[in-house]
Amino acid sequence: MIDSSQRFDDLRARYAASLRRKQQALAVAWRELSATPDDDGLRRDLQLQIHRLAGSALAYGYERIGESARAADVVLHGWETLAPPLRGVPGELIERLAAPVQTLLDDLDVAIRDDARNVASDPNLRVLLIEDDPGQAVLISAQLEERGCVVRIERGADALWQVLTLWPCHAVVLDFWLRGETAAEVATMLRRESQFAHVALLCFSIERDEQILRSALDAGCDAALGKAEGPDRLLALIRECVARPDRSGTTFA
């Protein structure tokens, strides 16, 4: 049975992983309302997002986000409680919201970057290893665990969505040739899911063909390297990839 502390840590990890998605959704909602300030539906959508952040961020220890969300929520709530004749034109609401919403977006960005730096320096990186060769899986897992990682092994990607949802991790390490699928196909599937955008993907394979390894990068892997590079190089690349909040770069080793 998972104790309450571990359960909270898993929930917080899942919440931290969702911050980039929440920031992007908030930015879109704010941009749309700014362009069409008299749209009640857009205003309610923005208020709902901000109101949820005000409560959830504080619950998971993100005090700055919670406070800035609360400040924006107060402005929106004040507008809603006024009778329509007393509100003024919608453009005035946008002017009053501009500063608190920008502060909220900035605080989200700071938290995302801070979390990335903390994760990169955390010796207990959580790594999901997808390897269908039992001997290789045990060897690679043991090598990473010796270096401080927490490793979970899966033989294939059949239940990958469910595993990542129930067991939040920092990185997924994939062999290229898996049972009936390749790392490129798995990466393509994962990169379609915005909720997993924060997860670093690495292809770690006995494959030496550069074009094949390049196909893993083109499909969305952050790095691709041969198993001959060894566990130290693998761990260094895991840390490097995890430290990039936007996963915008790729590394070919």
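Tabulated data
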| item | result |
| --- | --- |
| Residue that is farther than 19 Å from Ala137 by Cα, open to solvent by less than 10 Å² (accessible area, probe 1.4 Å) and either in contact with a helix residue (DSSP H, G or I) (Cβ under 7 Å, 6 or more places away or on another chain) or modelled with pLDDT under 90 (or both), where the choices are Cys203, Cys221 | Cys221 |
| Cβ-Cβ under 8 Å pairs, at least 6 apart or on other chains, the range 72-98 side part of a helix (DSSP H, G or I), far side surrounded by fewer than 14 Cβ atoms within 10 Å (Cβ to Cβ) and at pLDDT 80 or above | Pro90/Asp38 |
| Residue satisfying condition, being open to solvent by 40 Å² or more (accessible area, probe 1.4 Å), more than 19 Å from Gly91 (Cα to Cα), part of a helix (DSSP H, G or I) and out of contact with any strand residue (DSSP E or B) (no Cβ under 9 Å at 6 or more places or on another chain), within set Leu48, Leu19, Leu53 | Leu48 |
| Residue check for Arg192: closer than 21 Å to Asp218 by Cα and free of Cβ contacts under 8 Å to residues at least 24 places away in the same chain | yes |
| Scan of the range 164-189 for residues that are of a type in the set (A, V, I, L, M, F, W, C) and surrounded by fewer than 17 Cβ atoms within 10 Å (Cβ to Cβ), ordered by number | Leu166, Trp167, Trp177, Met189 |
| Unique match (being assigned to a helix (DSSP H, G or I) and either within 22 Å of the chain's Cα centre (by Cα) or among the charged types (D, E, K, R) (or both)) among Leu33, Leu42, Leu11 | Leu11 |
| Pair list, Cβ < 7 Å and 6+ apart or interchain, from the range 23-42 residues that are closer than 23 Å to Gly66 by Cα and aromatic (Phe, Trp, Tyr) to residues that are surrounded by 14 or more Cβ atoms within 10 Å (Cβ to Cβ) and at pLDDT 95 or above | Trp30/Leu46; Trp30/Val101 |
| Counted residues, the range 154-163 - those being surrounded by 15 or more Cβ atoms within 10 Å (Cβ to Cβ) and not in a loop (DSSP other than H, G, I, E, B) | 3 |
| The range 118-145 - residue that is surrounded by fewer than 12 Cβ atoms within 10 Å (Cβ to Cβ) and closer than 23 Å to Phe196 by Cα and, of those, modelled with the highest pLDDT | Asn124 |
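The values are calculated or read from the model by the stated rules, or taken from the named source; none is laboratory data. Predicted model, so just to flag it, every value in this text is computed and none were measured. Note: ideal-geometry Cβ built from the backbone for every residue, glycine included; neighbour counts use all protein chains shown. Just the protein is used for accessible areas: all its heavy atoms, side chains included, with ligands, DNA and RNA removed. Shrake-Rupley method; radii C 1.70, N 1.55, O 1.52, S 1.80 Å.
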